[in-house]
Amino acid sequence: MHRRAFLALPAAGLLASCGSTSKIRLALNWKPDPQFGGFYAAPFQEAKLDVEILPGGAGTPTVQMIGAGSAEFGVVSADELVVARSMGNDVVALFAVFQDSPQGIMVHAERGLMAIEEVFEEGTVALQKGLPYARLLEKQFRFDHVKIVPSPGGDITAFLADPLFAQQCFIMSEPLQAKRAGAKVTVFPVADVGYNPYTTVLATSGKYLKDNAATVESIVAAVRSGWRAYLANPKPTNDKMHQMNPSMDAATFTEVAEAQKPFIENEDTANAGLGSMTKERWKKLIGQLQGLGDIPAAIPADDCFRPV
């Protein structure tokens with residue numbers, strides 16, 4: 001699953017634009033897997049949209065690609081979008097797949113921990129310290145009583161070998177690996193401490209939105225339709241993605257697709273529709289990032305997203 005590097009450099013000059021083209025490029029920030037299922041299931045052709053989905057990998061700079069014009073659309077996270085906007089990259093969110101952040105801290109269940117703060121009372125914790133939520137955890141709980149080591153990504157070898165080892169995780173990834181390896185785990189969502197940015201967010205540039213409003217509306221409608229279809233029956237799309245990403249086996253595609261549903265559909269989406277976002281959530285996130293020093297000053301929440 002996607003391991004996001006938190007990076008938001010100014011877009012100008014970073015990536016050269018590929019020039020004008022009738023093809024619409026949608027850049028993903030990881031390999032084809034269930035977190036992108038609705039994009040691959042979207043009926044773009046039926047809507048007469050020539051969309052090319054560009055698979056990504058570790059560190060794929062989708063925010064910068066949007067700003068530089070080398071992709072008309074991209075998948076980003078809400079926090080990196082806020083940082084990018086604060087640095088002059090006019091990137092705008094259109095559709096938030098994950099309403100609740102799937103980031104968490106995984107521990108061995110036999111430790112009997114009941115709250116996320118107990119994770120930082122003893123043992124070793126593997127974290128990517130540059131991420132905003134890692135710094136928020138350090139600010140809130142301090143790391144005086146634990147040893148912090150770099151995140152091993154999706155590798156759970158150290159976790160399996162040490163009952164006092166905890167690590168950051170994508171809730172639909174490492175915990176499932178650990179379960180298949182015979183380990184019992186407890187996962188504490190980072191959202192438990194109030195840091196809950198939208199993730200797997202479809203975004204475009206403000207200029208593209210202004211110049212191509214009808215196309216943007218059609219893209220969002222197709223994506224919403226795709227996610228409805230994928231949530232109802234993921235198998236056809238999983239089969240297609242598995243061909244593109246054979247490193248994830250078919251059983252894992254099925255398991256992850258089911259596990260991620262509560263993060264995509266909730267009370268908010270029942271009322272406002274799949275992919276919906278609120279000004280209040282964006283405003284809170286902006287305040288948190290300002291408090292962490294990631295942005296120099298608050299930016300208008302209304303500028304970060306467009307209901308389409």
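So the values come out like this:
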item	result
Check on Ala166, surrounded by fewer than 24 Cβ atoms within 10 Å (Cβ to Cβ) and among the hydrophobic types (A, V, I, L, M, F, W, C)	no
Criterion: aliphatic (A, V, I, L, M) and under 15 Å from Ala42 (Cα atoms) - qualifying residue of Ile219, Ile156, Ile148	Ile219
Every residue from region 188-201 that is more than 10 Å from the chain's Cα centre (by Cα) and either closer than 9 Å to Phe95 by Cβ or part of a loop (DSSP other than H, G, I, E, B) (or both)	Gly194, Tyr195, Asn196
Failed criterion for Gly275 (all others in (1) in contact with a strand residue (DSSP E or B) (Cβ under 7 Å, 6 or more places away or on another chain); (2) surrounded by fewer than 19 Cβ atoms within 10 Å (Cβ to Cβ); (3) not hydrophobic (A, V, I, L, M, F, W, C) hold)	(2)
Residues within region 185-230 that are on the phi > 0 side of the Ramachandran plot and either in contact with a Ser or Thr (Cβ under 9 Å, 6 or more places away or on another chain) or among the aromatic types (Phe, Trp, Tyr) (or both), tallied	1
Every pair of residues 6+ apart whose Cβ atoms lie under 8 Å, when the first sits in region 136-157 and is surrounded by 16 or more Cβ atoms within 10 Å (Cβ to Cβ) while the second is assigned to a loop (DSSP other than H, G, I, E, B) and among the polar types (S, T, N, Q)	Ser151/Gln128
Residues located in region 228-245, provided they are more than 19 Å from Gly275 (Cβ to Cβ) and in contact with an Asp or Glu (Cβ under 7 Å, 6 or more places away or on another chain)	Met241, Asn245
Residue that is modelled with the lowest pLDDT, among those in region 144-178 that are part of a strand (DSSP E or B) and closer than 19 Å to Trp30 by Cα	Phe170
Extreme residue, surrounded by the fewest Cβ atoms within 10 Å (Cβ to Cβ), among residues of region 230-257 that are modelled with pLDDT of 95 or more, closer than 10 Å to Asp33 by Cα and aliphatic (A, V, I, L, M)	Met244
Complete set of residues in region 99-140 that are of a type in the set (Gly, Ala, Ser) and within 24 Å of the chain's Cα centre (by Cα)	Ser101, Gly104, Ala115, Ala126, Gly130, Ala134
Restricting region 27-36 to residues that are in contact (Cβ under 8 Å) with a residue 60 or more places away in the chain and under 24 Å from Cys304 (Cα atoms), the residue that is nearest to the chain's Cα centre (by Cα)	Gln35
Verdict on Gly206 being over 18 Å from Ile105 (Cα atoms), surrounded by fewer than 19 Cβ atoms within 10 Å (Cβ to Cβ), of a type outside the set (Lys, Arg) and not assigned by TED's automatic domain parsing to the domain that holds Ser86	no
Helices (runs of 4 or more DSSP H) fully within region 222-302 counting 1 or more residues that are more than 18 Å from the chain's Cα centre (by Cα)	235-244, 250-259, 267-272, 279-291
Positions within region 108-122 being surrounded by 11 or more Cβ atoms within 10 Å (Cβ to Cβ) and over 18 Å from Val190 (Cβ atoms), in sequence order	His108, Ala109, Glu110, Arg111, Glu122
Number of the condition not met by Val216 [criteria: (1) farther than 30 Å from Phe120 by Cβ; (2) modelled with pLDDT under 95; (3) β-branched (Val, Ile, Thr)]	(2)
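The values are calculated or read from the model by the stated rules, or taken from the named source; none is laboratory data. The structure presented is a predicted model; accordingly, all values stated were derived computationally and were not measured. All Cβ positions, even for glycine, are placed from backbone atoms using ideal geometry, and neighbour counts span all protein chains on display.
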